[in-house]
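The values are calculated or read from the model by the stated rules, or taken from the named source; none is laboratory data. Computed from a predicted structure; not experimentally measured. Positions of Cβ are generated from backbone atoms using ideal geometry, with glycine treated the same way; all protein chains shown enter the neighbour counts.
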Amino acid sequence: MTNNYYEFFCPVKVIAGKAALEHIPYELTGLAAKRPMIVTDKGVRAAGLLDPVIAACEESGLEIVAIYDDVPPDSSTTVVRDIAKVYRKEKCDSIIAVGGGSAIDTGKAVNILVSEGGDDIAKYSGAGILKHPLKPFFVVPTTAGTGSEVTSVAIITDEKKGVKLPFTSSFLLPNAAIIDPRMTLTLPPHITAATAMDAMTHATEAFTCMAKNPLSDAYATAAVKKVSQSLLQVMDNPKDEHGRLELAQASTMAGIAFSNSMVGLVHSLGHATGAICHLPHGLCMSLYLPYVLEFNLESIREPLGELLLYLEGPEVFSATPASRRAEASISSIRKLRDALYKRCQLPRTLKETGKVLESQLEAIAEMALDDGSIMFNPREVSLDDALSVLRRAWA
Amino acid sequence: MLVKRLQPMVSHARRSYVGLMFQVMGRALQAISEVDETTRNETRALPVGFLFEMQVMPNGPKLIVEHTGDGLLHYHRDGAPRPVDLSIQFKHMTHAFLVLSFQEKTSVAFANDRMLVDGDVSLAVRMTRVLNRLESFILPKLVAERAVKEYPANLHLPEKLLSAARIYLKVATNFVETVRA
C-alpha cells in the first residue's frame, strides 16, 4: 500500500486572453456586485493601466465607485484600514485589485476587513481564522511572476510592531483572475525578466519539492515550457502581445502549482535576502535558482531531468542521455540567465547586485533556516549548507 | 465482520500508542535540552516562558513543553498552565500514528498536509529541527532514517549511544517521579 497523499485546490476562475478585461462587468454582475472599488498603486495608474479597466466597466454601464491608488510597495495595516474606510464610505460591494503582489495582497486584506468587520486587520492574522466567504474579489495582475492572483496568502506589515503579518485562508482566493496581455505590455525589461524568472522558480521548485503532486506537476511543467519559449522573445520584442500573454499565463500556472506543492530553499534564501538586503523577490529567485538546484541535485535528479523536456524541447531532451538530463536542466537555466544578463543586466550573482555585502551572508543563512519554505526542500539544510550555497552564489 | 469488531480495539490501541509516544517525547525533549548543547542553541531563540504543543485534533493526546530559559525545556505533564504560543496539530489520530510509528517522516507529514501550524512558522521550523535531532539521538539509525528527512552525517555512534543513554535515563527517572507523585 502506498503512503502517497496530496491535496490540490484552486477555485479561481481564470479569465485569460484578448479583451479579457471586458469580461469584468459580466462576471461582477454574476456575483450580484454593482459598486466595485479598485485598489491599485500610483505606478499602475501613471502607466495608464487603469484606463482599459475603467473603460471596460463603463462601456457596460458599470460604475467604478471608488479608486484607491496609493498602495505602497510594502503594504501596511494602516493602508488596509484606510482603504476599508473608503470602501464603507462609498458603500462599495466588491473589490478589483489591479497591480503586482502588494496591490493584490492589500486587496485581499481589505476584503477581510470589509467582509468580517472592524478596523484591526491584525486580529485576522494566521491560518484558518476566516470561516466565511468574503465579498466578491477580482484580481488583474500587471506583472507576470508573483502568481498572487491564485494564492490563498497575503502579507501585510504591522508598522507599529515592525512585523509582517501573514494571512492564510482559502477565502482569500479571488473569485476571478483576469489575465489580459495589455496589462503587462509596458513592463520594463528588467522587471519582465525578474518576474518571469520568479514564475520559472515557482514552477521549478513546485516540480522538485516534497509536496509535489500530479496536478501541481501538470501546471508546473506547462509554466516552465511557456517561460522557456516566450521570455527571450518578449525581451527582444516587448510589444509581443502573444508572448506577454504566454508569460502572464505561465505566472498564473506557476502560482497554482506552488500554492499546492509549496516551494523550497530558493525561496528561503530569497525571503531572507529580501528582508536583509532589500533586493526584489524575482531577482533573488533568478539568482539562487541554479545554485540551489545543484545543492539539491542528488535528491531531485529524476524530476529535474524531466524538466529538460520543457526547458529545451523534445530534440535536446531525446539527444541528452538520461543520466545527464538533470545537469542539462541546470545548464539550460544558467543559459537563460546569461541571456537575460546580456539583455538587461539581471544579476546572476550576489556580487553583481551591488547591494549585498559578503559579511551579510551568515545573517542571510541564519534567517533562511527559519523560513517556513525550508520544510519542503527535498534536502535537509544545515547552516553550513546554506552558507555554502550562498558562497557559490556570491561570485 | 471480524474487521468491524476489531476496529474499536485498533482505534483504542492507536490512541494509547500515540498518547504514550507523546509522553515519551515530551520527557525526552526536556532531557535532550539538558544534555545537548546543539539543541540548546536552537531553543535559546525561543522566548522564555514559550509554550509549545503537539496535539491530535480535535481533543486528542498532546504534549506540551515550556522554554524555561537558557535553552532548557520543561515537560508539562498536566497540561498547559496558560494558552500555548505554538501548536503543531495532527488533523487525525491516523496521521499522528503514521508519524509516531515512523511510517511517515515528519517533513513528509507536513508536505502531505497532515499537520497544521498555529503560531509563528519560523519557530515551528526550529522546533521541528529539535524534534529531528531528538529522533536521531534516541532511535536506532535504521528507524531514525525513516523518521527524519536526512540522518545527520556528523552524528557518530559513540556520541549517539552516550546521549541516548543519558536521555533515556532522564526519561525513565521522570516517569518514576510521575508515578510516585
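Test A:Leu50 against the criterion of being under 30 Å from A:Ser261 (Cβ atoms) and either of a type in the set (Gly, Ala, Ser) or modelled with pLDDT of 95 or more (or both), and give yes or no. No, not satisfied. Any residue in segment A:291-298 that is of a type in the set (A, V, I, L, M), outside any helix (DSSP H, G or I) and within 24 Å of the chain's Cα centre (by Cα)? No: segment A:291-298 contains no residue that is of a type in the set (A, V, I, L, M), outside any helix (DSSP H, G or I) and within 24 Å of the chain's Cα centre (by Cα). Considered as a group, the residues in segment A:100-138 that are within 13 Å of the chain's Cα centre (by Cα) and outside any loop (DSSP other than H, G, I, E, B) include one that is surrounded by the fewest Cβ atoms within 10 Å (Cβ to Cβ), and that residue is A:Ser102. Listed conditions (1) within 12 Å of chain A (Cβ to nearest Cβ); (2) small (Gly, Ala, Ser); (3) farther than 18 Å from B:Gln23 by Cβ are all met by B:Gly71, apart from (1).
Summed over segment B:142-181, the residues that are within 15 Å of B:Lys105 (Cα to Cα), of a type in the set (D, E, K, R), in contact (Cβ under 8 Å) with a residue 12 or more places away in the chain and assigned to a helix (DSSP H, G or I) give a count of 1.
Exactly one residue out of A:Ile364, A:Ile330 is more than 14 Å from every other protein chain (Cβ to nearest Cβ), under 24 Å from A:Ser261 (Cβ atoms) and modelled with pLDDT of 95 or more: that is A:Ile330.
Table: residues versus (1) more than 20 Å from B:Lys149 (Cα to Cα); (2) hydrophobic (A, V, I, L, M, F, W, C); (3) part of a loop (DSSP other than H, G, I, E, B).
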| position | (1), (2), (3) |
| --- | --- |
| A:Gln360 | yes, no, no |
| A:Ala365 | no, yes, no |
| A:Ala386 | no, yes, no |
| A:Ala393 | yes, yes, no |
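For residues that are touching a helix residue (DSSP H, G or I) at 6+ places or on another chain (Cβ under 8 Å) and without any contact (Cβ under 8 Å) to a residue 60 or more places away in the chain, scanning just segment A:1-33, find the one that is nearest to the other protein chains (Cβ to nearest Cβ). So, considering only residues that are touching a helix residue (DSSP H, G or I) at 6+ places or on another chain (Cβ under 8 Å) and without any contact (Cβ under 8 Å) to a residue 60 or more places away in the chain, the one nearest to the other protein chains (Cβ to nearest Cβ) is A:Asn3.
Can you name the residue in segment B:135-173 that is of a type in the set (S, T, N, Q) and surrounded by 17 or more Cβ atoms within 10 Å (Cβ to Cβ) and, of all such residues, is nearest to the other protein chains (Cβ to nearest Cβ)?
Step one: of segment B:135-173, the residues of a type in the set (S, T, N, Q) are B:136, B:154, B:163, B:173.
Remaining after also requiring surrounded by 17 or more Cβ atoms within 10 Å (Cβ to Cβ): B:136, B:163.
On the way: B:Ser136: 11, B:Ser163: 18 Å.
Checked segment B:135-173; the qualifying residue nearest to the other protein chains (Cβ to nearest Cβ) is B:Ser136.
Could you tell me whether A:Gly243 is at negative phi and at pLDDT below 95? So A:Gly243 fails the test.
One line per residue, one yes/no per condition, for (1) buried (at least 19 other Cβ atoms within 10 Å of the Cβ); (2) in a helix (DSSP H, G or I); (3) touching a residue at least 40 places away in the same chain (Cβ under 8 Å):
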position	(1), (2), (3)
A:Gly255	yes, yes, yes
A:Phe258	yes, yes, yes
A:Ala275	no, yes, yes
A:Leu307	yes, yes, yes
A:Arg325	yes, yes, no
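Of all residues in segment A:341-357, none satisfies being crowded, with 22+ Cβ neighbours inside 10 Å, within 14 Å of chain B (Cβ to nearest Cβ) and on the phi < 0 side of the Ramachandran plot. Taking the conditions (1) at pLDDT below 95; (2) within 14 Å of another protein chain (Cβ to nearest Cβ); (3) in contact with a helix residue (DSSP H, G or I) (Cβ under 8 Å, 6 or more places away or on another chain); (4) surrounded by fewer than 24 Cβ atoms within 10 Å (Cβ to Cβ) in turn, A:Val263 satisfies each one other than (4). Selection within segment A:368-384: residues that are more than 7 Å from chain B (Cβ to nearest Cβ) and in a helix (DSSP H, G or I). The member of this set that is farthest from the chain's Cα centre (by Cα) is A:Asp384.
Could you please find all residues in segment B:69-97 being in a loop (DSSP other than H, G, I, E, B) and over 23 Å from B:Thr38 (Cβ atoms)? Before the answer, list the steps.
Quick first cut of segment B:69-97, residues in a loop (DSSP other than H, G, I, E, B) only: B:70-71, B:76-85, B:91-92.
Within segment B:69-97, B:His76, B:Arg77, B:Asp78, B:Gly79, B:Ala80, B:Pro81, B:Arg82, B:Pro83, B:Val84, B:Lys91, B:His92 qualify.
When residues in segment A:222-245 are screened for being touching a helix residue (DSSP H, G or I) at 6+ places or on another chain (Cβ under 6 Å) and surrounded by fewer than 22 Cβ atoms within 10 Å (Cβ to Cβ), 8 of them pass.
Across segment A:73-87, a minimum of one residue is classified as in contact (Cβ under 8 Å) with a residue 60 or more places away in the chain, part of a loop (DSSP other than H, G, I, E, B) and either under 19 Å from the mean Cα position of the chain (by Cα) or surrounded by fewer than 17 Cβ atoms within 10 Å (Cβ to Cβ) (or both).
Residues in segment B:98-134 that are within 12 Å of another protein chain (Cβ to nearest Cβ), farther than 17 Å from B:Glu42 by Cα and not in a loop (DSSP other than H, G, I, E, B): B:Leu98, B:Val99, B:Thr106, B:Ser107, B:Val108, B:Ala109, B:Phe110, B:Ala111, B:Met115, B:Leu116, B:Val117, B:Asp118. Comparison of B:Asp85, B:Asp78, B:Asp113 shows that the only residue that is more than 15 Å from the chain's Cα centre (by Cα) and on the phi > 0 side of the Ramachandran plot is B:Asp113.
Being touching a helix residue (DSSP H, G or I) at 6+ places or on another chain (Cβ under 8 Å), buried (at least 23 other Cβ atoms within 10 Å of the Cβ), more than 30 Å from B:Ala124 (Cα to Cα) and among the small types (Gly, Ala, Ser) is a property that A:Ala97 has.
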